[in-house]
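Data block below; observations after.
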Protein chains: 2
Amino acid sequence: MTMVRKRGSPLAEQLLETLEDRGYRDTLPRRAVVQAIAERERHFTAEELHEQLPSVGRATIFRSLKLLVESGMLCRVLLEDGNLHYQLSHRGHHHHLLCVQCGNSEDLVGCDIEDQLRQVAAARRFQVSGHWLEVYGRCQSCQALQQPA
Amino acid sequence: MTMVRKRGSPLAEQLLETLEDRGYRDTLPRRAVVQAIAERERHFTAEELHEQLPSVGRATIFRSLKLLVESGMLCRVLLEDGNLHYQLSHRGHHHHLLCVQCGNSEDLVGCDIEDQLRQVAAARRFQVSGHWLEVYGRCQSCQALQQPA
DNA sequence: TTACTGATTGATATCAGGTATCATTGAATG
DNA sequence: CATTCAATGATACCTGATATCAATCAGTAA
Ligand SMILES: [Mn+2]
Ligand SMILES: [Mn+2]
Ligand SMILES: [Zn+2]
Ligand SMILES: [Zn+2]
């Protein structure tokens, strides 16, 4: 009945290493969660993850998500309907172009929204320390699918 | 035991009129909710409102909030801690400068973030239809209060 | 290898914010 | 007034998440 610690995908291993570097232990439930996340290509909810991993306690699912978000490996995505999803984060700070039709999200990096914000806020003596931005619309493929009139 | 329909503040009356123009009835619970909101200067939660108006059913509180948001008279404010608050909205689309220290929020109107977004997204063939933006930082008075070194 | 110890886990309870149901009430209209 | 359907509120329920806490296990030291 001894569970074997199997090697996960390279991405999963990398995520686990980062957690270890931060002082968190390499546990079986954690491995399962991280591996499942590493395999996902789209944003997901905590519940979806839990359905996929019924052997992992719900609390542990949420604890792992929080850990990964705090460590910058996971980002939270606010859908237009107000639901909060999670998604692997490969880069630093960025935003999302969320397609309201197919649900896909593209990362929006290197835009100068930050500088813009800082400027416009500075004019009002407001010291910007952070922000939250989600962009909703239709992705290229969804446009192509229905535009051809 | 017949409740009297009292006249509310000018702002409350104006909000109610807008609701009536949209086909919603002028009811006693609605008046109470709208009046309470009109008196608030800061963002608040549904629960806070319910505590203030225990005679109004919880469901009605939420229904009224949704109505006012849909009608553009109330805006939802996403705090940095993830909590959702509500706040009177006097103008059209705008954003908030949220002070993480005192909790106040200033409206950010007339910034060109929208155009920026549309441009940067268009370059990626993404058709922007909406967005959500909250800006966090410190307001002028909170800076003044603690900066004097 | 084994012993130790605190981090981690999962069952459970609890919470916050919000929606669905539905019998009852009451605002608007004529 | 009488009618009628929008609105209400009690209740149950739901999603997403956290608090508790005894049991377990990963990492380290012996
Ligand atoms: Mn992201
Ligand atoms: Mn606002
Ligand atoms: Zn799409
Ligand atoms: Zn402030």
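Throughout, read-outs are computed from the coordinates displayed, never taken from laboratory work. In this text the structure is predicted, and so the values were computed from the model without any measurement. Here Cβ is always computed from backbone atoms with ideal geometry, including for glycine, and neighbour counts include all displayed protein chains.
Among the residues of A:132-142, the average count of other protein chain beta-carbon atoms within 10 Å of the residue beta-carbon is 6. Taking amide H as placed 1.01 Å from N in the peptide plane, A:Leu74 has its amide H under 5 Å from the amide H of A:Val69, A:Ser89, each at least 5 places away in sequence or on another chain.
Out of the GluC sites (Glu not before Pro) in the range B:7-67, which ones are loop residues according to DSSP with at most 11 other C-beta atoms within 10 Å?
Here the sparse-neighbourhood loop sites are B:Glu41.
Given axes a ≥ b ≥ c from the Cα gyration tensor, I'd like to know whether the range B:19-81 is rounded (a/c under 1.5), prolate (a/b larger than b/c) or oblate. Oblate shape, in that a/c is at least 1.5 and b/c is the bigger or equal ratio.
Comment: the Cα-to-Cβ extended label point of A:Gly57, at 7 Å, lies 3.9 nm from its counterparts in the other copies, nearest first. For chain A, a crude dipole built from +1 on the beta carbon of Lys and Arg and -1 on the beta carbon of Asp and Glu, taken about the Cα centre, is about 440 debye to the nearest 20. Measuring max minus min along each principal axis, the C-alpha atoms of chain B give extents of 61, 49, 26 Å (largest first). Near B:Leu108, the amide H atoms lying under 5 Å from its own belong to B:His95, B:His96, B:Leu97; only residues 5 or more places off or on other chains count, and H is placed 1.01 Å from N.
For the range B:92-149, the normalised intensity computed at q = 0.19, 0.21 Å⁻¹ comes to -0.75, -0.82 (log10 of I(q)/I(0), Debye sum over alpha carbons, equal scatterers, no solvent).
For the range A:94-108, putting each phi into the Karplus relation 6.51 cos²θ - 1.76 cosθ + 1.60 with θ = phi - 60° gives couplings of 7, 10, 10, 9, 9, 6, 6, 9, 9, x, 5, 10, 10, 6, 10 Hz, in residue order, rounded to whole numbers and with x for Gly and Pro. Summarising the amide proton neighbourhood of A:Ser129: residues at separation of 5 or more, or on other chains, whose placed amide H is nearer than 5 Å comprise B:Tyr136, B:Gly137, B:Arg138. When chain B is turned onto chain A, its residue with the beta carbon nearest the axis, and that distance in whole angstrom, is B:Leu133, 2. Scalar couplings 3J(HN,Hα) for the range A:75-86, obtained by applying the Karplus form with A = 6.51, B = -1.76, C = 1.60 to θ = phi - 60°, are 10, 8, 10, 8, 6, 4, 7, x, 6, 9, 10, 10 Hz; x denotes Gly and Pro.
Calculation over all alpha carbon pairs of the protein assembly as shown in 10 angstrom steps from 0 returns a P(r) of 5, 21, 26, 25, 16, 6, 1, 0 percent. Helical content alone sets the calculated 222 nm signal of the protein assembly as shown at -12000 deg cm²/dmol, taking -39,500 (n - 2.57) per DSSP H segment of four or more residues and averaging over every residue. For peptide A:105-115, the mean count of partner chain Cβ atoms within 10 Å of a residue's Cβ comes to 2. Ordered by the count of other Cβ atoms within 10 Å of each Cβ, fewest first, B:Phe126, B:Phe44, A:Phe62 give A:Phe62, B:Phe44, B:Phe126.
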